[in-house]
């Protein structure tokens, strides 16, 4: 009996915060705008398409939409920020809308395999020198909707908020 009362008392503050929270859902697509190839280098131009579904009965005016696009280095797998930006938008009640981020690009240079000389231990098999691919590729995104410095909705690629926290905090100080 005491345990159920304790759980109920602990849950009441959470229920009050959930009752006041906005019911906004975000769906994000990484759309390709085009790509070009010059020799062994390929560059692709992309843009985030963010679908905002406001299921709340309240209009939200002056909302700040912030996005961060994350890139991963092909060779060492380190994460970096490929694009970052924000927009002021108005979100109508019980409506869906689509907002696009600014374009960003990734480039990739294909590696090369060269035969360098005969293998002295196995003359029937040649020896090769391999240069691996280099460049960056898309790794994920972080989207945050804020109104009056209060987060009303957010979406991110799984685990990116935690892994990108050090880089994001450096960017805020500048």
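Restricting attention to the stretch 56-73, the residues being modelled with pLDDT of 90 or more, out of contact with any helix residue (DSSP H, G or I) (no Cβ under 8 Å at 6 or more places or on another chain) and either within 22 Å of residue 45 (Cα to Cα) or assigned to a loop (DSSP other than H, G, I, E, B) (or both) number 7. For the stretch 74-91, does any single residue satisfy the condition of being under 19 Å from the mean Cα position of the chain (by Cα), within 14 Å of residue 164 (Cα to Cα) and not in a strand (DSSP E or B)? There is at least one residue in the stretch 74-91 that is under 19 Å from the mean Cα position of the chain (by Cα), within 14 Å of residue 164 (Cα to Cα) and not in a strand (DSSP E or B).
For residue 28, indicate whether it is assigned to a strand (DSSP E or B) and loosely packed, with under 13 Cβ neighbours inside 10 Å. Write out each step before concluding.
On the way: assigned to a strand (DSSP E or B): yes; loosely packed, with under 13 Cβ neighbours inside 10 Å: no.
No; evaluated as a whole, the condition is false for this residue.
Restricting attention to the stretch 102-111, which residues are modelled with pLDDT under 90 and not in a strand (DSSP E or B)? The answer is 110, 111.
Screening residue 99 on (1) surrounded by 14 or more Cβ atoms within 10 Å (Cβ to Cβ); (2) outside any strand (DSSP E or B) shows it passes everything except condition (2).
Annotation note: Cβ proximity below 9 Å between a residue of the stretch 128-150 that is without any contact (Cβ under 8 Å) to a residue 60 or more places away in the chain and at negative phi and a residue that is in a loop (DSSP other than H, G, I, E, B) and surrounded by 15 or more Cβ atoms within 10 Å (Cβ to Cβ) (sequence gap 6+ or interchain) occurs for 132/74; 133/74.
Results for (1) over 15 Å from residue 137 (Cα atoms); (2) without any contact (Cβ under 8 Å) to a residue 12 or more places away in the chain; (3) in contact with a helix residue (DSSP H, G or I) (Cβ under 9 Å, 6 or more places away or on another chain), shown as yes or no for each residue.
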{"site": "24", "(1), (2), (3)": "yes, no, no"}
{"site": "28", "(1), (2), (3)": "yes, no, no"}
{"site": "40", "(1), (2), (3)": "yes, no, no"}
{"site": "82", "(1), (2), (3)": "no, no, no"}
{"site": "95", "(1), (2), (3)": "yes, no, no"}
{"site": "110", "(1), (2), (3)": "no, no, no"}
{"site": "114", "(1), (2), (3)": "yes, no, no"}
{"site": "121", "(1), (2), (3)": "yes, yes, no"}
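Can you list the strands (runs of 3 or more DSSP E) lying wholly within the stretch 112-174 that have 3 or more residues being modelled with pLDDT under 80?
On the way: elements: 112-118, 126-131, 134-147, 150-156.
Correct list: 112-118, 126-131.
Residues of the stretch 104-154 that are within 26 Å of residue 92 (Cβ to Cβ), touching a strand residue (DSSP E or B) at 6+ places or on another chain (Cβ under 7 Å) and surrounded by fewer than 17 Cβ atoms within 10 Å (Cβ to Cβ): 146, 147, 151, 154.
The values are calculated or read from the model by the stated rules, or taken from the named source; none is laboratory data. Keep in mind it's a predicted model, so treat the numbers as computed, not measured. Note that each Cβ is placed from the backbone with ideal geometry, even for glycine, and that neighbours are counted across all protein chains shown.
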